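Inspection log for the structure reproduced underneath, given as structure tokens.
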2 protein chains.
Amino acid sequence: MDTLETVQQKLETMNAQADRAYLRLSRKFGQLRLHHLERRNLLIQSVPGFWGQALQNHPQLSSFLNSKDKEVLSYLNSLEVEELGLARLGYKIKFYFERNPYFQNKVLIKEYGCGPSGQVVSRSTPIQWLPGHDLQSLSQGSPDNSPSFFGWFSNHTSIESDKIVEIINEELWPNPLQYYLMSEGARAEKGKEGRPGAAKQPVETPEPGAKKPK
Amino acid sequence: MDTLETVQQKLETMNAQADRAYLRLSRKFGQLRLHHLERRNLLIQSVPGFWGQALQNHPQLSSFLNSKDKEVLSYLNSLEVEELGLARLGYKIKFYFERNPYFQNKVLIKEYGCGPSGQVVSRSTPIQWLPGHDLQSLSQGSPDNSPSFFGWFSNHTSIESDKIVEIINEELWPNPLQYYLMSEGARAEKGKEGRPGAAKQPVETPEPGAKKPK
């Protein structure tokens, strides 16, 4: 007959089994996921201007981008969202840029994590602007405190209502192709009524290496 | 050769597979866990005063209990922590009492969940005190705003630093036997130096039905 002690031991053994099973599952799918994401990154890099286009096409995100942002983001050749730790303790958003007239950095990273007292904190790579091209100090002089990508990138005070990070993590990163194709869908529908669902229809994937018309 | 579209589809198929696998695992261990917990509850109920003793013996929790609390908690014959939803959206702590001279309720529930704007909120069963035994209104007149179990039970303003719920959920509920046995360990060690690890040593489980000496 079971005693309280043996039942307690069974419970603890089971909890340890469960922890191991979750870890195994998490590792298995984590590796599979990584494999697919690496393939996806490679294919995306062979489509010039993919990420800049996808960011611009996102219906909510585009309102946070000014015309200078769009120009700079056309040099973005890779974007990665990396989760830190199995328990989703934080994440890094990495923006890889090709050589461009604005800054020297090859990669700009914005990182979110847990602060010492449990609150969310962020930090980002200092941008090495080239002379006369510092979009951050240029925009500070603007009369309307208008939203901008680089303003967001270096701002660490309004994390609680960070709409941009929400869009990148929950919409663009899970399915960037959907947003990249959005304008093509819209163009194909030119003259007809705009259909918000157009991007979700089966459409041809752009061929690697094909330059997308501006 | 994979296109961006087929890789994206593989990624999404894999995500759906992962979600299903996690759900299966969570259901499997959830059922096993429930089975062991039900057995444990039954065994505990056959040891009179088990929970009252376990609560009192907890080194940190005891400082939140005044002498009246301890008297009332000797009538506690079952305690359950129930998680709400698979994603741990909240939980209920259920205190089952036998007939006692203090209140009419058979069960007092304190429940924690997510409020409309994402913050943690709690609520609890209104206690039907018997005339002259309302520990809540009696303690309000005390000069030192001293901590009490029933003050905690009906207080919903300091959830962020709710030490009592932390102790119940993370220490007592996972292994109540350890705390129940603590005083016995201490008694066995009487005259020797107090050893904090004593409760974790293998000790005999109290026989069902055996009344614990006060």
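Quick notes on this one:
- Virtual spin-label span in nm between residue B:37 and residue B:159, 7 Å along Cα→Cβ: 2.0 nm
- Rounded to the nearest angstrom and listed largest first, the equivalent-ellipsoid semi-axes of segment B:56-128 from its Cα gyration tensor are 26, 15, 12.
- Label point 7 Å beyond Cα along the C-beta direction, distances from residue B:12 to other copies (nm, shortest first): 4.7
- Listed residue pairs exceeding 23 Å between alpha carbons, taken from A:70/B:10; A:68/A:163; A:68/A:110; B:92/B:163; A:68/A:94; A:110/B:10: A:70/B:10; A:110/B:10
- Take each residue in B:20-31, count the other chain C-beta atoms within 10 Å of its C-beta, and the mean is 2.
- Loop-located GluC sites (Glu not before Pro) in segment B:1-108 (DSSP state other than H, G, I, E, B) with a sparse environment of at most 13 neighbouring Cβ atoms within 10 Å: B:98.
- Closest Cβ on chain A to the rotation axis that carries it onto B (distance rounded to whole Å): A:25, 3
- Separation of the residue B:169 and residue B:92 label points, Cα + 7 Å toward Cβ, nm: 1.6 nm
- Distances in nm from residue B:146 to the matching label points in the other copies, shortest first (labels 7 Å along Cα to Cβ): 6.7
- Position residue A:107: other-copy label points at 5.4 nm, ordered by increasing distance, label point 7 Å along Cα→C-beta.
Taken together, the values in this text are just the output of simple stated rules run on the coordinates, not laboratory data. Worth saying up front: this structure is predicted, and the values here are computed from it rather than measured. As a convention, Cβ positions derive from the backbone with ideal geometry for all residues, glycine included, and neighbour counts pool all protein chains shown.
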